[in-house]
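Undergrad: Below are the structure tokens for one structure; questions will follow.
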Amino acid sequence: MSETARLFTDSLLTNNMTIAYFLGILFAVIESKSIKNSFIKALRFAIAIFLVNILGWIFNYLLPAGYEALVPALFFVSTMMGISFLRLLGELEGEYLAMPKFLFFLAPLFGSQWLIQGANYNYPEMITSTSGHILGFYLIFVFTAAIKEKVIVSDASPVFKKYSTVLAALAMLAMGIIGFHLI
Amino acid sequence: MDKNLKIFEKVLLLGLLPLLGGTETLIQALLITVSTIIISIIIFALSNIIHEANKWYWEVAIAITLSYSLYLILPKVVPVADNIINHYFLFLGVTPIVYLGATANHRKDLFPYLSKFILFMIIAASIREFLGLGSIFNIQLTNPAYPPLGIINKFPGAILVISVIWLLSNLITSNKNLKKEGSESLV
């Protein structure tokens, strides 16, 4: 397997930003409602993560040496641009638990930039890794919607029709993903 | 699923990121919990001062600054922290639980959430450190090469432990409710 293919599959599976780094797991759990509408919804969020990662990488690349302490500030700016982009698309409107919904999408936008920055990738590597990350996020978002839909319509006791069951199902998925470490 | 969420469920949802990423060891969990409380209280104090329409953006900027400062300062202040400070300390600034203070009208509203968060962090970290590493507070209790259940210290284990804690909390509260209903019907 070539280095690029290895980087892509690692970002998609063993270093999946949603399952391995928990970035966006909360958002996927609360925001995915049904499989039907999650395909387009997840695509919008994945595009936002992709664009923000490119922007964050460019900001970081252009930053002069010795100003590394400003990296979180730059990532905050690119994160806010991502939030604005999603709001233009009609997403992240309203509140959840008395907080604006955009607060719940900060972690995947900000965190994925930090992961990319930490790995010190060049441009092609960053694009490859980000592509793996967003595909991983997209799949987990759609899987979570499917799990939630199945849990809600099941005949189980109401105590099992909760987020704990969704998380348990995601844990089983994670067990499968960690198996790829062995390959 | 979002209907009638109890306080502990809200805490588990809002604090999911530190609960999953910051509970590999008890010391790490305690440090991340203290950092969360410090940031939450500062955000709570600031939310009473900032009354702008864009106050949330200011609060996010402040929370990220605070979490980044703690991420840099903690390894220098706490000697044992050097190996256990991970990027989840920095991600506290983008974790919804630190913004609870901005929605609370009074500090009494904040206390039940933070106390439950502390409890869940300690429980999750104790389980993960003991089963995943065979130690408690870095004191090795089992053979280091053979932890009771090594996968618990990795990412699938983190999700599994939180889901089990959540499920048990749900079962306990639903049993309590059933008992209450039962005693009321007897009366």
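Read-outs throughout are calculated quantities, based only on the coordinates presented, and are distinct from any laboratory measurement. Only a predicted model underlies this, so the values are computations on that prediction, with no experimental measurement involved. In this analysis, Cβ positions are derived from the backbone assuming ideal geometry, glycine residues included, and neighbour counts consider all displayed protein chains.
Undergrad: Return the average number of partner chain Cβ atoms within 10 angstrom of each residue Cβ along peptide B:41-52.
TA: Working: counts 0, 0, 0, 0, 0, 0, 0, 0, 0, 0, 0, 0.
The shielding value for this peptide is 0.
Undergrad: While we're here: Label points 7 Å out from Cα along the Cβ direction at residue B:73 and residue B:142: separation in nm?
TA: Each label point is offset 7 Å from its Cα along the Cβ direction, giving 3.8 nm.
Undergrad: Can you tell me the dipole magnitude for chain A around its Cα centre, using point charges on the Cβ only (Lys, Arg +1; Asp, Glu -1), in Debye to the nearest 20?
TA: So the magnitude is around 500 debye.
Undergrad: If each of residue B:177 and residue A:120 carries a label point 7 Å out from its Cα toward its Cβ, how far apart are those two points in nm?
TA: 5.3 nm
Undergrad: Also: What FRET efficiency, computed as 1/(1 + (r/R0)^6) with R0 = 41 Å and r the Cβ-Cβ distance, is obtained for residue B:61 and residue A:152, rounded to the nearest 0.05? Each step should come with its number before you reach the end.
TA: Values: r = 38 Å, r/R0 = 0.91.
The pair residue B:61/residue A:152 has a calculated efficiency of 0.65.
Undergrad: When a/c reaches 1.5 or more, the comparison of a/b and b/c decides; with that in mind, is chain A rounded, prolate or oblate per its Cα gyration tensor?
TA: Judged from the Cα gyration tensor, chain A comes out oblate (a/c at least 1.5, b/c at or above a/b).
Undergrad: Going by the alpha-carbon gyration tensor, a ≥ b ≥ c the square roots of its eigenvalues, is the range A:38-143 rounded (a/c under 1.5) or, if a/c is not under 1.5, prolate (a/b greater than b/c) versus oblate?
TA: Cα axes put the range A:38-143 in the oblate bin.
Undergrad: Please give the average number of partner chain Cβ atoms lying within 10 Å of the Cβ of each residue in A:156-164, rounded to a whole number.
TA: 5
Undergrad: Please report, ordered by residue number, every helix of chain A (full DSSP H runs) that is 27 Å or longer along its axis going by C-alpha atoms and whose mean Kyte-Doolittle hydropathy reaches 0.5.
TA: A:35-62, A:123-153
Undergrad: I've got another one for you. Take every Cα pair under 8 Å in the range A:15-96 that's 6+ residues apart, average their separations, divide by the length, and report that relative contact order as a whole percent. Spell out each step's value before the answer.
TA: Working: 30 pairs, mean separation 21.2, N = 82.
Result for the range A:15-96 is 26 percent.
Undergrad: Near residue A:101, which lysines are there with a Cα under 16 Å away, not counting those fewer than 8 places off in the same chain?
TA: A:33, A:41, B:10, B:55
Undergrad: Counting only residues 5 or more places away or on other chains, whose amide H sits under 5 Å from the amide H of residue B:135 once H atoms are built in the peptide plane?
TA: B:130, B:141
Undergrad: While we're looking at this one, here's another question. Pull up all non-local amide H partners of residue A:96: gap of 5 or more, or a different chain, and H-to-H distance under 5 Å with H placed in the peptide plane.
TA: Distant-sequence amide H within range of residue A:96: A:101.
Undergrad: Given Cα pairs under 8 Å that are at least 6 residues apart, what percent is the relative contact order of chain B?
TA: That works out to 28 percent.
Undergrad: Using alpha-carbon positions, what is the distance between the centroids of the range A:96-118 and the range B:64-132, in Å?
TA: After rounding, the separation between the Cα centres reads 16 Å.
Undergrad: Moving on. How large is the helix-only mean residue ellipticity at 222 nm for the protein assembly as shown, computed as the sum of -39500 (n - 2.57) over DSSP H runs with n ≥ 4, divided by its residue count, in deg cm²/dmol to the nearest 500?
TA: -22500 deg cm²/dmol
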